[in-house]
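See structure below.
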Amino acid sequence: MRNLRKIMEKKNYKNIDDYIADYSPEVGELLNQIRHCIQEVAPEAQEVISYNMPAFKQGKILVYFAAFKNHIGFYALPSGNAAFSEALSKYKVGKGSIQFPLNQAIPFDLIKEMVAFRLEEIKQGKR
């Protein structure tokens with residue numbers, strides 16, 4: 001995980017590679033797999049850092065993701081969570097956040113579906 005000194009320094013990330021480099025190889029691989037899922041579904045989306053987290057933007061923010069001690073946070077905004085509430089029922093969710101535990105398989109297909117949903121929302125002029 002991040003070493004304590006980096007956390008205390010409150011590093012400001014410049015890009016997604018910089019962000020991923022702060023994590024163990026195992027967590028970094030999961031973050032890269034999420035990144036590739038997003039790129040596959042939204043190849044025109046731009047990689048950005050927003051709120052000091054990796055994000056993808058296509059006109060508006062599609063999704064954010066971030067690593068934590070025990071989970072990967074995925075943020076598809078409230079509309080994404082509402083549209084996939086049944087599939088997300090086994091995860092801890094907030095208004096627009098999802099926690100994918102590190103000790104369980106990450107649902108990459110679900111992530112792709114959620115990104116496609118958000119992409120369509122943006123194309124339709126919604127959030």
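The values are calculated or read from the model by the stated rules, or taken from the named source; none is laboratory data. On a predicted model such as this, the values are computed, not experimentally measured, just so you know. Cβ coordinates were reconstructed from backbone atoms using ideal geometry, including for glycine residues, and neighbour counts include every protein chain displayed.
Put simply, of Lys69, Lys123, Lys95 the only residue that is charged (D, E, K, R) and in contact with a Pro (Cβ under 6 Å, 6 or more places away or on another chain) is Lys95. What are the residue pairs meeting all of these: first residue in region 114-127, first residue farther than 15 Å from Tyr64 by Cβ, second residue modelled with pLDDT of 90 or more and among the aliphatic types (A, V, I, L, M), Cβ atoms under 7 Å, and 6 or more apart or on different chains? Final answer for the pair search is Ala116/Val41. Has region 37-46 got any residue that is of a type in the set (Asp, Glu), at pLDDT 95 or above, closer than 23 Å to Leu110 by Cβ and in a loop (DSSP other than H, G, I, E, B)? Within region 37-46, one or more residues are of a type in the set (Asp, Glu), at pLDDT 95 or above, closer than 23 Å to Leu110 by Cβ and in a loop (DSSP other than H, G, I, E, B).
If only one of Leu30, Leu62 is part of a strand (DSSP E or B), surrounded by 16 or more Cβ atoms within 10 Å (Cβ to Cβ), in contact (Cβ under 8 Å) with a residue 60 or more places away in the chain and within 11 Å of the chain's Cα centre (by Cα), which one is it? Can you show your working first?
Values: Leu30 fails: part of a strand (DSSP E or B).
Among Leu30, Leu62, only Leu62 is part of a strand (DSSP E or B), surrounded by 16 or more Cβ atoms within 10 Å (Cβ to Cβ), in contact (Cβ under 8 Å) with a residue 60 or more places away in the chain and within 11 Å of the chain's Cα centre (by Cα).
Every residue, every condition in (1) among the charged types (D, E, K, R); (2) farther than 22 Å from Asp17 by Cα; (3) in contact with a His (Cβ under 8 Å, 6 or more places away or on another chain), yes or no:
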{"site": "Ile38", "(1), (2), (3)": "no, no, no"}
{"site": "Lys60", "(1), (2), (3)": "yes, no, no"}
{"site": "Phe68", "(1), (2), (3)": "no, no, no"}
{"site": "His71", "(1), (2), (3)": "no, no, no"}
{"site": "Lys90", "(1), (2), (3)": "yes, yes, no"}
{"site": "Phe108", "(1), (2), (3)": "no, no, no"}
